[in-house]
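Worksheet: the structure to be examined is printed underneath.
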Amino acid sequence: MTPAVNENSTLPSLSGGLYAFFFDVDGTLATIQSQPEWVSIPAPVRQHLQQLSHLSHGALALVSGRPIAQLDALVNPMEAPAAGVHGAERRDAAGQIHKQMLPTDVAQTLQTELQQTLDQWPGTLLEVKGMAFALHYRNAPAYEKSIMQLAEDAVMRFPVLALQPGKCVVELKPQGIDKGAAVREFMQEAPFIGRIPVFVGDDLTDEKGFLAVNAMQGISVKVGEGSSHARYRLSDVEAVWHWLEQLLLQLEHDNRR
Ligand SMILES: [Mg+2]
């Protein structure tokens, strides 16, 4: 991947524009933990998200590899538009759910086979998301190559699948599903349509989101190190929280004028 980031690029002021906000969750709004279920978003950050959504007339969506049910729990009491499982399930601003499923026979065969294999690899974990599978090796890094091979074999056998590597995880999801496609779908609908998209994410899966937003002359923000197609960068999750706080102050100030 060609690094497209100017390391010194500070985020532009969002004063005076109409923006739509897209946030990844793990590693972006929430610090990564060794177990996905330990992850949480601090209450003040949740409150800031809600305020930002309000000030943007609801044009704020979560775009994550997690299922929507988990996203709701993480931002509770907010119920934001959301793309879960990288966009395989999407809840639009009207609350309507759009789902892209794997064929039942493929899903069942895969689940049985993947579980049997991962059971033999201590520390690895199979997460069944309904329309996708996540093969975790955060607690068993020695199995990285084996897991990658297993996932590649699955994609060879079932062309309806696509492979999505992430941080200490490889996912198998339906072809054609990615965060970029999810962002493009949101941007065709109210209240997102006509706004300038802002996408903030930290992982490989967010690169498609960055590309989609770049193509719409939007603002792409990579969290943390590593080459990226994003045009801007924030150093870590805490920098995202700080930026969010500053952004709110600015938008509230603009609103009062
Ligand atoms: Mg992430």
One residue from Gly84, Gly95 being at pLDDT 95 or above and at positive phi: Gly95
Region 17-62 - residue that is touching a helix residue (DSSP H, G or I) at 6+ places or on another chain (Cβ under 7 Å) and aromatic (Phe, Trp, Tyr) and, of those, farthest from the ligand (Cβ to nearest atom): Phe21
Leu234 being more than 15 Å from the ligand (Cβ to nearest atom) and buried (at least 19 other Cβ atoms within 10 Å of the Cβ): no
Matching option when the condition is in the same structural domain as Thr112 (by TED's automatic domain parsing) and either among the small types (Gly, Ala, Ser) or touching a helix residue (DSSP H, G or I) at 6+ places or on another chain (Cβ under 8 Å) (or both), among Ala230, Ala212, Ala151: Ala151
Test: Gly166 is touching a residue at least 12 places away in the same chain (Cβ under 8 Å), more than 16 Å from the ligand (Cβ to nearest atom) and not aliphatic (A, V, I, L, M): no
Output for region 68-84, where each listed residue is closer than 16 Å to Gln175 by Cα and without any contact (Cβ under 8 Å) to a residue 60 or more places away in the chain: Gly84
Verdict on Val25 being among the β-branched types (Val, Ile, Thr), crowded, with 23+ Cβ neighbours inside 10 Å and in contact (Cβ under 8 Å) with a residue 12 or more places away in the chain: no
Which listed residue is touching a His at 6+ places or on another chain (Cβ under 6 Å) and either away from the ligand (no atom under 16 Å from the Cβ) or touching a residue at least 24 places away in the same chain (Cβ under 8 Å) (or both), from Gly87, Gly65, Gly95: Gly65
Test: residue in region 68-76 that is of a type in the set (Gly, Ala, Ser) and on the phi > 0 side of the Ramachandran plot: no
Of all residues making up region 118-144, the number that are over 24 Å from the mean Cα position of the chain (by Cα) and exposed (fewer than 15 other Cβ atoms within 10 Å of the Cβ): 5
Sole residue being among the hydrophobic types (A, V, I, L, M, F, W, C), closer than 23 Å to Gly201 by Cα and in contact with a strand residue (DSSP E or B) (Cβ under 9 Å, 6 or more places away or on another chain), chosen from Leu126, Leu71: Leu71
For Glu225: the one exception among (1) of a type in the set (Asp, Glu); (2) free of Cβ contacts under 8 Å to residues at least 12 places away in the same chain; (3) in contact with a strand residue (DSSP E or B) (Cβ under 8 Å, 6 or more places away or on another chain); (4) in the same structural domain as Ser34 (by TED's automatic domain parsing): (3)
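This table checks each residue for (1) assigned to a loop (DSSP other than H, G, I, E, B); (2) out of contact with any Leu (no Cβ under 6 Å at 6 or more places or on another chain); (3) within 15 Å of the ligand (Cβ to nearest atom).
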position: Met156; (1), (2), (3): no, yes, no
position: Leu172; (1), (2), (3): no, no, no
position: Ala182; (1), (2), (3): no, yes, yes
position: Glu189; (1), (2), (3): yes, yes, no
position: Asp206; (1), (2), (3): no, yes, yes
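The values are calculated or read from the model by the stated rules, or taken from the named source; none is laboratory data. The model shown is predicted, which means the values in this text are computed figures rather than measured ones. Neighbour counts run over all protein chains shown; Cβ positions are idealised from the backbone, glycine included.
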